[in-house]
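The values are calculated or read from the model by the stated rules, or taken from the named source; none is laboratory data. All values derive from a computational prediction rather than experimental measurement. FYI the Cβ positions are ideal-geometry reconstructions off the backbone, even for glycines, and counts take in every protein chain you see. These accessible areas exclude ligands, DNA and RNA; they are computed on the full protein's heavy atoms, side chains included. Shrake-Rupley method; radii C 1.70, N 1.55, O 1.52, S 1.80 Å.
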Amino acid sequence: MVKNSFISIISQEENKGSVEFQVFSFTNKIRKLTSHLELHKKDYLSQRGLRKILGKRQRLLAYLSKKNRVRYKELIDQLDIREIKTR
């Protein structure tokens, strides 16, 4: 139920330019594409799209982790995604 409360918080803000909203929407797209690819294993165009979205989300998360570590940690916990690897 944590995700539902987070979704309502984001939709109330309607700040579609915020990093949190963008990561949230990319995460939804990633989950949809992943379930699609489980059925259609040879859909290589969708695989390419998934990799592109994953890269965009990774760059946004890297930016957020540099700028505001607290907001980054909250977002990672609420969306239930792994932390990015740092070099």
Consider Ser46 against the criteria (1) of a type outside the set (A, V, I, L, M); (2) open to solvent by 60 Å² or more (accessible area, probe 1.4 Å); (3) in a helix (DSSP H, G or I): it satisfies all of them except one. Which criterion is unmet?
(2)
Consider Gly17 against the criteria (1) exposed (fewer than 11 other Cβ atoms within 10 Å of the Cβ); (2) at pLDDT 95 or above: it satisfies all of them except one. Which criterion is unmet?
(2)
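For the stretch 67-87, how many residues meet the condition of being open to solvent by 40 Å² or more (accessible area, probe 1.4 Å) and in contact with a Ser or Thr (Cβ under 7 Å, 6 or more places away or on another chain)? So that I can check it myself, show each step before the final result.
Narrowing the stretch 67-87 to residues open to solvent by 40 Å² or more (accessible area, probe 1.4 Å): 67-71, 73-74, 77-78, 80, 82-83, 85-87.
Now narrow it down to the ones that are in contact with a Ser or Thr (Cβ under 7 Å, 6 or more places away or on another chain): none.
Total satisfying the criteria: 0.
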Leu64: touching a residue at least 40 places away in the same chain (Cβ under 8 Å), surrounded by 10 or more Cβ atoms within 10 Å (Cβ to Cβ), under 17 Å from Lys85 (Cα atoms) and out of contact with any Asp or Glu (no Cβ under 6 Å at 6 or more places or on another chain), yes or no?
yes
